[in-house]
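Just below is one structure, and these are the notes that go with it.
The values are calculated or read from the model by the stated rules, or taken from the named source; none is laboratory data. This is a predicted model, so every value here is computed, not measured. Note that each Cβ is placed from the backbone with ideal geometry, even for glycine, and that neighbours are counted across all protein chains shown. We work out accessible area using only protein heavy atoms, side chains counted, and drop any ligands, DNA or RNA first. Shrake-Rupley method; radii C 1.70, N 1.55, O 1.52, S 1.80 Å.
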Amino acid sequence: MKKLIIMFALLLGVVSVKAQSNDLYQGITKKLPYRQMVTPYGVQVTFAKTVHIIFPSAVKYVDLGSNYIIAGKADGAENVVRVKATTEGFPGETNFSVICEDGSFYSFNAKYAHEPEMLNIEMKDFLENEDTTDFSHTRMNIYFRELGNESPLLVKLIMQSIYKNNDREIKHLGCKRFGVQFLVKGIYSHNGLFYFHTQTKNSSNVLFDTDFIRFKIVDKKVAKRTAIQETVIDPVRSYNEILVIGGKNTVRTVYTVPQFTIPDDKVLVIELVEKNGGRHQTIRVKNSDIVAAKVINELKIK
């Protein structure tokens, strides 16, 4: 018994010494297994040329490992990152990371080359493949504040599924002016988010150039000389949002907005505003339409 007590005391002393040494890797932490590593891609960069990387969704974040390289979103393109060396012939390797709007995380190791093998790189969207079981070692696990507790990957899958199915769950919400028809085909709900499936049909010969679409909660009745009180709800994601709709064309879009309720004396107004034009579309959505939103319990991916 005395020997057991002595051994236990010695063991505590060893752990205490290791913890005090601040050598955590050799002390009280354990090594990460390889399967938890996000495998980096290898990229060659140079001083005299720019490497462009095209991602499957908008880029939210770029971080550089050193000042040997510079990188940032290309002007006017949300899903393109340009990378260039700041020092000609820099030694060894550096790295950079990119996070996209769909929650995907990409890691790159960058090495200098006088003539890079690839100057324009397209990152494949694995959701376009039939096999969606391979998540590439947690490559799709980044969460964003505006989506609450919902995975950006699942939000994207839901929007794609709604768009692909193209069901018309609602037949009474629409507006038509000057040859342009604007419809709400369906309202869906999942995990604190609403999904609005809209359709814009331009039957005229003049293209419809969208200035913006706005979701706002307003008073049902506004007395004269009374200030209008409205609450704007900004979409946090959109799928297939095409701003310019040509003549004799139809465009469908899925918008994701944070979940909300409408008081009895208010109504949701969806405005589709034409840039430098007068064919604005307005749809009034009642609270009964919102609470009747179709709940997405299970998403089937074909």
I need the peptides 77-85, 288-296 ranked by packing, meaning the mean over residues of other C-beta atoms within 10 angstrom, with the highest value on top.
77-85, 288-296
When the Karplus curve 6.51 cos²θ - 1.76 cosθ + 1.60 is applied with θ = phi - 60°, which whole-Hz ³J(HN,Hα) does each residue of region 164-176 get, with x for Gly and Pro?
5, 5, 6, 7, 10, 7, 10, 10, 10, 10, x, 8, 9
LYS266 long-range amide H proximity, modeled H, under 5 Å
LYS220
Under the Karplus curve 6.51 cos²θ - 1.76 cosθ + 1.60, θ = phi - 60°, whole-Hz ³J(HN,Hα) for region 291-297, x wherever Gly or Pro sits:
5, 8, 4, 6, 7, 8, 8
Could you state how much accessible area MET159 has, in square angstrom rounded to the nearest 10, with a 1.4 Å probe and all protein chains kept in place?
10
Long-range HN-HN contacts of PHE47 with modeled amide H, under 5 Å:
ALA85, GLY89
A correct Karplus calculation of ³J(HN,Hα) over region 93-102, with 6.51 cos²θ - 1.76 cosθ + 1.60, θ = phi - 60°, whole Hz and x for Gly and Pro, returns 10, 10, 9, 8, 10, 9, 10, 9, 4, 7
Kindly state, to the nearest 0.05, the FRET efficiency for PHE47 paired with GLU122, given R0 = 22 Å and r defined as their beta-carbon distance.
0.40
Collect residues whose amide H, placed 1.01 Å from N in the peptide plane, falls under 5 Å from the amide H of LEU193; neighbours closer than 5 in sequence don't count.
GLN259
Here P(r) for region 153-295, Cα-Cα distances in 5 Å bins, as whole percents, is 2, 9, 19, 22, 21, 14, 9, 3, 1, 0
